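Every number here is computed from the coordinates shown, using simple stated rules; none is lab data. These numbers come from a predicted model, not from an experiment. Note that we place each Cβ from the backbone using ideal geometry, even for glycine, and neighbour counts take in every protein chain shown.
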Amino acid sequence: MPADSIDLVVTLNALQAQALAQFLTSASLEDFGRVAVDRREAALMEQASEVIRRSLAEHGFDPRRAGSEHDIG
């Protein structure tokens with residue numbers, strides 16, 4: 001892990017985690033670009049969201065996987 005990395009501890013209930021996983025699965029660089037100050041920031045937002053999406057998937061919150069452990073749909 002790079003020296004400038006940080007660890008986050010976040011507590012979500014299952015519905016929040018699944019909803020966030022769904023959002024991050026469908027969010028695109030264009031979506032981040034709408035709120036970012038420039039392309040570089042949008043790319044950083046997208047990269048960070050992918051890290052969070054992967055962590056949620058590791059905990060069973062993965063809308064991309066059929067029959068996800070925590071499906072709210």
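Just a few scattered comments:
- In order through the range 39-53: 3J(HN,Hα) via Karplus (6.51 cos²θ - 1.76 cosθ + 1.60), integer Hz, x for Gly, Pro: 4, 4, 5, 4, 5, 5, 4, 5, 5, 5, 5, 5, 4, 5, 4
- The sum of -39500 (n - 2.57) across all DSSP H runs of n ≥ 4, divided by the residue count of the chain, sets its helix-only mean residue ellipticity at 222 nm to -17500 deg cm²/dmol.
- Computed over neighbours whose Cβ is under 11 Å from that of residue 33, the net charge equals -2, Lys and Arg +1, Asp and Glu -1.
- Each 5 Å bin from zero up to the one holding the largest Cα-Cα distance in the chain carries the following percent of pairs: 3, 16, 23, 20, 18, 14, 5, 1.
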